[in-house]
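The values are calculated or read from the model by the stated rules, or taken from the named source; none is laboratory data. For clarity, every value in this text was computed on a predicted model and none was experimentally measured. Counting neighbours? That spans all protein chains shown, and the Cβs are built from the backbone with ideal geometry, glycine included.
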Amino acid sequence: MNRVYNFSAGPAVLPEEVLKEAADEMLDYAGTGMSVMEMSHRSDRFQRILDEAEQDLRDLMKIPEEYAVLFLQGGASQQFAAIPMNLMQNRVADYIVTGQWAKKASEEAKKYGTVNILASSADRTYSYIPDCSDLPVSEKADYVYICENNTIYGTKFSSLPNTKGKILVSDISSCFLSEPVDVTKYGLLFGGVQKNIGPAGTVIVIIRKDLIRDEVLEKTPTMLHYKIQAEAGSLYNTPPAYGIYICGKVFRWLKRMGGLENMKQYNEKKAAVLYRYLDESRLFSPTVQGKDRSLMNVPFVTGNKELDGKFIKEAEQAGLKSLKGHRSVGGMRASIYNAMPIEGVEALVAFMKNFEKENG
Ligand code: PMP
């Protein structure tokens, strides 16, 4: 077996322990004589998997009773529509646009109501987080929306925006469980799991229960109505059962790792190895500065497209995979999610140092 260091932005590296456990249980899960993939989602055994996954997530994120946890499908992108459909009572929402994902979410929301762009960092290719301490929040806004960690650009909100009393909705796809969060500051948090938690196909929505309403926009599809999903305990239809099972294993792995406070410290240590080198390198430059830097996605460039291409190719050959930046921005990006060991980041930096010596 030859595992590589996988820096993909998602689907992304998962803890080896979890993959091995899943492999061991593939043919016979806990004496049931079948794989979880083959198991009825209405069975007691699967219900236990779902209940334990929810409880472990609640423990890790300290999710209060007043919040519901939904395991859904359709990825994060489907939530771009579900959120306005469920939350737009006045048909007004404010969006802070810090990258492609927030922009896509705002464009989707425009189909359902008036969308105000409160702030944007498009002027400098989304390489920073705008000051959100005193924004002109709309009086009738049903919510204020952010994408908390910008996967493509490698920025993260270091403090939450001042929403002036309005509900905060946050896409946490690429920073999910990477550090502790105060759930009570949000009305709704959601994320696709394919970066930090599990296989693509599951999206988790954490929503304050009073925002789960009977009254939603007309013609909201049944599958997108939070109330229906919540009342069915995420089992309105066949859920992404195998994905939920893997998420549950990752939650347990995180507990064994000492929870989110420990994960944050480990992630800071890992990111510091890479940022420290990027700050001193004469060949590579980081594209984000200071407090806006993400711990999860680290973009960098040489300033020369051909050299970027050479670097990516040679890194691939050395077992450092998927370092190509997003197709919309080019350059390189190292995604160093929870399951990326520090040895992977050290191997990357050692390779970069050597590349700098040969090409600088
Ligand atoms: N939000 C963020 C922050 C993302 O990084 C992504 C995917 N890379 C999405 C949303 C879209 O997720 P999905 O593909 O699950 O729809």
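None of Ser174, Ser133 is more than 16 Å from the ligand (Cβ to nearest atom), of a type in the set (S, T, N, Q) and out of contact with any Phe, Trp or Tyr (no Cβ under 7 Å at 6 or more places or on another chain) except Ser133. If you take the residues in the range 212-235 that are touching a Leu at 6+ places or on another chain (Cβ under 9 Å) and surrounded by fewer than 18 Cβ atoms within 10 Å (Cβ to Cβ), which one is nearest to Glu108 (Cα to Cα)? Among those residues, the one meeting the criterion is Met223.
Condition first: part of a loop (DSSP other than H, G, I, E, B) and within 11 Å of the ligand (Cβ to nearest atom). Can you find one or more residues in the range 201-221 that meet it? Yes, the range 201-221 contains a residue that is part of a loop (DSSP other than H, G, I, E, B) and within 11 Å of the ligand (Cβ to nearest atom). Residues in the range 121-144 that are touching a Pro at 6+ places or on another chain (Cβ under 7 Å) and more than 23 Å from Met85 (Cα to Cα): 3 in all.
Quickly run through the range 19-55 and pick out the residues that are of a type in the set (A, V, I, L, M, F, W, C) and touching a Pro at 6+ places or on another chain (Cβ under 8 Å). Within the range 19-55, just Leu50 meets the criteria. Summed over the range 41-87, the residues that are farther than 18 Å from Pro240 by Cβ, touching a strand residue (DSSP E or B) at 6+ places or on another chain (Cβ under 8 Å) and within 16 Å of the ligand (Cβ to nearest atom) give a count of 2. Sort out which residues of the range 157-171 are surrounded by 24 or more Cβ atoms within 10 Å (Cβ to Cβ) and either part of a loop (DSSP other than H, G, I, E, B) or within 11 Å of the ligand (Cβ to nearest atom) (or both), and write them in order of number. Hits for the range 157-171 are Pro161, Ser170, Asp171. Of the residues making up the range 188-198, those that are in a loop (DSSP other than H, G, I, E, B) and either within 11 Å of the ligand (Cβ to nearest atom) or at pLDDT below 95 (or both) number 4. Collect the residues in the range 276-314 that are in contact with a strand residue (DSSP E or B) (Cβ under 6 Å, 6 or more places away or on another chain), over 18 Å from Asn354 (Cα atoms) and in a helix (DSSP H, G or I), keeping them in residue-number order. Asp292 - this is the single residue of the range 276-314 that is in contact with a strand residue (DSSP E or B) (Cβ under 6 Å, 6 or more places away or on another chain), over 18 Å from Asn354 (Cα atoms) and in a helix (DSSP H, G or I).
So if I check each of Tyr143, Tyr126, Tyr153, which one is in the same structural domain as Thr98 (by TED's automatic domain parsing) and over 12 Å from Ala102 (Cβ atoms)? When all the criteria are applied, what remains is Tyr143.
Residues checked against (1) touching a residue at least 60 places away in the same chain (Cβ under 8 Å); (2) of a type in the set (Ser, Thr, Tyr):
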{"site": "Glu268", "(1), (2)": "no, no"}
{"site": "Tyr275", "(1), (2)": "no, yes"}
{"site": "Thr287", "(1), (2)": "yes, yes"}
{"site": "Arg293", "(1), (2)": "yes, no"}
{"site": "Val301", "(1), (2)": "no, no"}
{"site": "Asn304", "(1), (2)": "no, no"}
{"site": "Phe311", "(1), (2)": "no, no"}
{"site": "Ala318", "(1), (2)": "no, no"}
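Report whether or not Ile63 is in contact (Cβ under 8 Å) with a residue 24 or more places away in the chain, touching a helix residue (DSSP H, G or I) at 6+ places or on another chain (Cβ under 9 Å), crowded, with 18+ Cβ neighbours inside 10 Å and not in a loop (DSSP other than H, G, I, E, B). No.
The set of residues from the range 98-137 being among the acidic types (Asp, Glu) and more than 16 Å from Pro161 (Cα to Cα) comprises Glu107, Glu108, Asp123.
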